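I am attaching a structure below and will ask some questions about it afterwards.
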């Protein structure tokens, strides 16, 4: 592959776009009756039916067991919460709306709280092209342009500084260090079969199912030559 390393200032992408899966059967079959119960008696009806384990399991499948906002793996250091994009305290009519649900880590869920501004909503990884709207600089995340929705999302979640998210930033820095070491191994490895294995490992770290993959893919794409993912040991030896 020759000399891999090169420097870059403009780092793009951060959150990952998430394809919305179909709702689980328990929601598809009961949503109408659950909505009707809420409408008929909002004070006394069971508002927690959205916590059904099948609903959470489908959302975890959809997000690859990651927080939709910070890409932390759910279950490592904190449980994941079913997140209502439009808060249930503001939009009770969307309590059981599948498009209004995702998974967030406890910390992102807490920081978002009940933010709701219809004219300037939080970024939605299911509906927005979030990968073009925010960017990475090392472990930090910023708005990619003058975009109020992106800036509000980043600032309220504290993704742009150490303040309040020290554990998250520390974990992301550790991941970056691991990736730097892996790249160094690839650039110096003389065994073609081992280099191929190392490349496959790097590709796995960049896959959407991996923790912090937006940050990792951005760093790798701006560190290695264009087309690195298509490299093979055969082409390296030519």
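What follows draws every value from the coordinates through simple rules; no lab data is involved. In this text, all values refer to a predicted model and were calculated from it rather than measured experimentally. Cβ atoms come from the backbone with ideal geometry, glycine included; neighbour counts cover every protein chain shown.
Against the longest principal axis of the chain, how steep is helix 25-40, in degrees 0 to 90 to the nearest 10, with axes from Cα atoms?
40 degrees
Cβ neighbours within 10 Å, averaged per peptide: list 59-67, 194-202, 40-48, 126-134 in order, most packed at the top.
59-67, 126-134, 194-202, 40-48
If you don't mind, another one. Would you please give the FRET efficiency between residue 201 and residue 166, computed as 1/(1 + (r/R0)^6) with r the Cβ-Cβ distance and R0 = 25 Å, to the nearest 0.05?
0.35
Another question, if that's okay. Which of 162, 101 comes first, and how do the rest follow, when ranked by fewest Cβ neighbours within 10 Å?
162, 101
In the Gaussian network model of the chain, springs joining C-alpha atoms below 10 Å, which of 90, 203, 158 carries the largest mean-square fluctuation?
Comparing 90, 203, 158 in a Gaussian network model of the chain, the most mobile one is 90.
Based on the Cα coordinates of region 166-237, what is the per residue volume of their convex hull in Å³?
It is 82 Å³ per residue.
Let me ask something additional. Where does helix 192-206 land angle-wise versus the long Cα axis of the chain, in degrees 0 to 90, nearest 10?
Approximately 30 degrees, to the nearest 10.
Also, quick follow-up: Kindly give Rg over Rh for the chain, based on alpha-carbon atoms, with the Kirkwood expression for the hydrodynamic radius.
Here Rg/Rh amounts to 1.05.
Still on this model: For helix 53-62, report the angle its Cα long axis makes with the longest principal axis of the Cα atoms of the chain; keep it between 0 and 90° and round to the nearest 10°.
30 degrees
Run the numbers on the chain and let me know its relative contact order in percent, using alpha-carbon pairs under 8 Å that are six or more apart.
Reported as a whole number, the value is 27 percent.
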